[in-house]
Structure formats: C-alpha cells, structure tokens
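Written below as structure tokens is the structure these notes are about.
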Amino acid sequence: MAKPKIAIVGPGNLGMALAVSLRNVEYTIEAVVAHSRGESLKKAQRLAKRVGAHARTDLTRVEAGLIWLCVPDSEIARTAQAFAGQLQWRGRVVLHSSGALTSDELGLLRRKGAAVASVHPLMTFVRGSRPSLVGVPFAIEGDAAALRMARRIVRTLGGKPYSIRKQDKAAYHAWCMFASPLLTALLATTERVAAVAGVNSKAAKRRMIPILRQTLANYAVFGGPGAFSGPIIRGDVETIRRHLRVLKKVPVAREVYSSLARAALEYLPTKNKSSLKRVLNSSRR
C-alpha cells in the first residue's frame, strides 16, 4: 500500500522527532503547520527545511491524506475546530498524540468524515534530544481505518503499536508520568539532598550516573524486587530515623523520601515492616 503524504501540525519537540523519523523511513512530509506566526512559524520553517516540506499556518491547499496533530492536550480540540473548514475531510486520517485524551477530542473532524485516532509514544521528547523510536511502544485507540494506518506507520518506524481502551487512558498517562517526568522530579530532589551533604548539583549528577545506570540495568533484568537494595530491604530502622532527622533541612525532599519509603514497604521485599511504618508515620507529625 502506498505511503500517504503527511502534514505535521505543531513544530515542537514531539512534532520534530516524528517528522524527522518519518522522513527517515521515506514518508513524504508535505507540510509542517505552525499555530501562529512568529516563533512558532520560524520553528516550522526550520523543521520544514530539514524534512523537505512547506511551512504553513493553516491547512488550505494541503493534499496530505494524514494529518498528525502534535500540539498540547489543551489545544487538540481547538486546533481541530480551527481547521475544520479548511479541508474536505472525508477519506483523510487525523491522529493526535495525547497520552491522556482519547480520539474523541477529534470528534468534530470524525463527523466531517475523517477517520481519527490517538497515537501516543511512550517516550520522552525534550529540546536537544532526538530519541530513536525503534522499540518504543505506541498506545493507540480510535476508528478502524485510522488504527490500520497508525499500526502500519508505527511498525515502519520500528515502534510497537498496541491497543488501549478509552477508559484506561488517564491511568495509562499517570503511569507514563511516573516513568519519566516524576522520575526526573525525583532526580532533581536528590540534588537538593546532595547539597545538604556538601555536594553541588553538577557534581551530584556526575557522581549519581553510575548507580542510576546500574539500578535501571538491574530493574530491566530482575524487576523491582530483585533490583531493590539499601536500608529498607534490610529493615534498618535506625538508619531510616537518621535520614528523616537530617532531611528536616529539606522538607519537600523529606516528604518525597517518606512517600517512597512507604511505597517500598507496600510493593517491595522488606524486613521490620511494622517498626519502619511506625518511624515513617511519626515523621508525618
């Protein structure tokens, strides 16, 4: 089956990663669409030049059979509404890449004849980083025709499409939050604790990298229980008490520590659970 021409709406981190990856597997990127003139259009122009496309601020005169919205969640329905009168939608496929929202955000375009779906890669996209999509799982749901095209595209990218129910998307996205953004928040918190130990952020990051890499490697091979180590698994109540005392200097970090320690007691192998629970509960007072 012939590969459709694609228009990418939104030249941000995700839009850039998708456009470049799609071009690398020989999809034609017809247009990169900015939401407005100014900086957004400049970004669209830079990306369009890179992938051999045209930069635009609307979809008029666009021939692409696939429109892929890479805009913030709050803009998906509004973008669909703004573009609704610009094209003949029957026979086209429209995707959005929200992890939390369903294909129903594109309901207006569905009613105009488009096949729509949500297609979310479980990957982080930040400025200056271009992660490979090979092996990345994509959660997909929506109309049958859109799902067929989405699966074909994801597999061509080297990704792994799988179906998700609409009612599961909020929980799915919360899971994604734990896997990357909140993990990053935890790492930022560790730098604050390192400062209490007299280690600045730059040095703390450098010194933590080896143990972080090994922890992820252990988790990949052994899972949570097999990768867990430290004073909680040993049931070392006095060490936990010392940690909680010194962490009074960084109250937010102390709350994070206590919450994660309680999670460890719930989900991971530990000794002296009742004693550790008492110490952690006393830290709340």
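See the values below:
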| read-out | value |
| --- | --- |
| The lone exception for ALA64 - which of (1) small (Gly, Ala, Ser); (2) assigned to a loop (DSSP other than H, G, I, E, B); (3) surrounded by fewer than 20 Cβ atoms within 10 Å (Cβ to Cβ); (4) in contact with a strand residue (DSSP E or B) (Cβ under 9 Å, 6 or more places away or on another chain) it fails | (3) |
| Helices (runs of 4 or more DSSP H) (entirely within the range 188-258) containing at least 3 residues that are of a type in the set (Lys, Arg) | 201-227, 237-246 |
| Unmet requirement for ARG50, which otherwise passes all of (1) surrounded by fewer than 22 Cβ atoms within 10 Å (Cβ to Cβ); (2) part of a helix (DSSP H, G or I); (3) in contact with a Pro (Cβ under 9 Å, 6 or more places away or on another chain); (4) of a type outside the set (S, T, N, Q) | (3) |
| Single residue of the range 201-237 satisfying the filter (in contact with a Leu (Cβ under 8 Å, 6 or more places away or on another chain) and of a type in the set (Val, Ile, Thr)) that is farthest from SER282 (Cα to Cα) | ILE233 |
| Selected residue [among the β-branched types (Val, Ile, Thr), surrounded by 14 or more Cβ atoms within 10 Å (Cβ to Cβ) and in the same structural domain as PRO251 (by TED's automatic domain parsing)] from THR189, THR184, THR156 | THR189 |
| Single condition ALA145 does not satisfy, out of (1) within 13 Å of the chain's Cα centre (by Cα); (2) among the aliphatic types (A, V, I, L, M); (3) surrounded by fewer than 20 Cβ atoms within 10 Å (Cβ to Cβ) | (1) |
| Residues being buried (at least 18 other Cβ atoms within 10 Å of the Cβ) and over 19 Å from GLY224 (Cα atoms) - total across the range 255-278 | 1 |
| Members of the range 73-127 that are under 13 Å from the mean Cα position of the chain (by Cα), within 15 Å of LEU18 (Cβ to Cβ) and not β-branched (Val, Ile, Thr) | SER97, SER98, GLY99, HIS120, PRO121, LEU122, MET123, PHE125 |
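The values are calculated or read from the model by the stated rules, or taken from the named source; none is laboratory data. Owing to the predicted nature of the structure, the values given are computational and were not obtained by experimental measurement. Reconstructed Cβ throughout: ideal geometry from the backbone, glycine too, with neighbour counts over all protein chains shown.
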